Amino acid sequence: MPELPEVETVRLGLERFVVGRRIAGTAVGHDRAVRRHRPGAADFAARLRNCRIVAAQRRGKYLWMPLDSGEALLAHLGMSGQLLVQPPELPDEKHLRIRLVFDDRGPELRFVDQRTFGGMSVESLVESTDTLVPAPVAHIARDPLDPAFDRAAFARALRRKQTQLKRALLDQTLISGIGNIYADEALWRARLHYARSTRSLKASDIDRLLDDVVAVMTQALAAGGTSFDSLYVNVNGSSGWFERSLEAYGREGRPCTRCGSEMAREPFMNRSSFLCPTCQRRPRVIHKLSTHHTV
């Protein structure tokens, strides 16, 4: 699943190649790609016709394009969704789901999705934390790269959660944009165990963790994100290369680059956590989750 650096990389591409252009027509090749647009494919296309894209915006992992109609085109990348800017003469991709054609007859915007977990919809804009966002995004917290992100408010909310630290980092209503990869990377940098109780964190622990979250995401963004396969690409179809710089995620059995201990992989929330057992000491008391806990 794309996380903040991957989605921001796509947003920057849309800002460069799509913003300011007017949509002449839309073709939906698979109804599942617009399943979140309740009125259906025909209404989706009609709502976009003759609309100009005025911006490309993001909150956490959520990406949308405000329109001059006052609504917004919301894109869910899901597991394998891609937003590609392609010349009209280029043959259709195998898993092309939605095509946006512009009145300047320039490059098209194509939504390609192999697994069809993603999709697009036209949404109304509502106010959330002093800004306008699509209605389905209103409950999502600001992300750590947002200039308006409130570190003190996050620290207070984190310590009130009474849960395991990594579970809190993955809670998009608390802090957005962080997924499994960058949670493991930030926790490794901060020398914090994923099962540490949020109630046990000191102010210095939270400050250090936030600094490391920002650092790893900034570095990943500079590298175009993390691509483990061909499913995540930017709007030009290029993969990110931050995988080469990963210190924790996917490094089970390899030496920790900091202390040399063997990196471990442990089950957590139906997924995996990668960590250094030496640098990230297991807490003596593990906070138990209501449905799952790590022993």
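The values are calculated or read from the model by the stated rules, or taken from the named source; none is laboratory data. Quick caveat: nothing in here was measured; it's all calculated off a predicted structure. As a convention, Cβ positions derive from the backbone with ideal geometry for all residues, glycine included, and neighbour counts pool all protein chains shown. Accessible surface areas use protein heavy atoms only, side chains included; no ligands, DNA or RNA. Shrake-Rupley method; radii C 1.70, N 1.55, O 1.52, S 1.80 Å.
Among the numbered conditions (1) surrounded by 19 or more Cβ atoms within 10 Å (Cβ to Cβ); (2) modelled with pLDDT of 95 or more, the only one that residue 182 does not meet is (2). Considering region 56-171, the qualifying strands (runs of 3 or more DSSP E), each wholly inside and each with 2 or more residues that are under 23 Å from residue 32 (Cα atoms) and open to solvent by less than 30 Å² (accessible area, probe 1.4 Å), run over 62-66, 71-76, 81-86, 96-102, 108-113, 119-128. Right, residue 204: modelled with pLDDT under 95 and surrounded by fewer than 19 Cβ atoms within 10 Å (Cβ to Cβ) or not? No: the conditions fail for residue 204. Scanning region 188-216 for residues that are under 26 Å from residue 59 (Cα atoms) and in contact with a Ser or Thr (Cβ under 8 Å, 6 or more places away or on another chain) yields 194, 198.
State whether one or more residues within region 177-197 are more than 21 Å from residue 276 (Cα to Cα) and in a loop (DSSP other than H, G, I, E, B). Looking through region 177-197, at least one residue is more than 21 Å from residue 276 (Cα to Cα) and in a loop (DSSP other than H, G, I, E, B). Here residue 133 meets the list (1) at pLDDT below 95; (2) within 19 Å of residue 3 (Cβ to Cβ) almost entirely, failing just condition (1). State the number of residues belonging to region 217-245 that are of a type outside the set (Gly, Ala, Ser), open to solvent by 10 Å² or more (accessible area, probe 1.4 Å) and either in contact with a Ser or Thr (Cβ under 8 Å, 6 or more places away or on another chain) or modelled with pLDDT of 85 or more (or both). Counting residues in region 217-245 that are of a type outside the set (Gly, Ala, Ser), open to solvent by 10 Å² or more (accessible area, probe 1.4 Å) and either in contact with a Ser or Thr (Cβ under 8 Å, 6 or more places away or on another chain) or modelled with pLDDT of 85 or more (or both) gives 9. Within region 45-55, being open to solvent by less than 10 Å² (accessible area, probe 1.4 Å) and touching a Pro at 6+ places or on another chain (Cβ under 9 Å) holds for one residue alone: 53.
Set side by side, the residues 15, 6 differ, and just one is out of contact with any strand residue (DSSP E or B) (no Cβ under 6 Å at 6 or more places or on another chain), modelled with pLDDT under 95 and not in a loop (DSSP other than H, G, I, E, B), which is 6.
Look at region 242-259: where a residue is touching a residue at least 24 places away in the same chain (Cβ under 8 Å) and closer than 13 Å to residue 187 by Cα and a partner is open to solvent by 50 Å² or more (accessible area, probe 1.4 Å) and part of a loop (DSSP other than H, G, I, E, B), sitting 6+ places away or on another chain with Cβ atoms under 9 Å, you get 247/257; 247/258.
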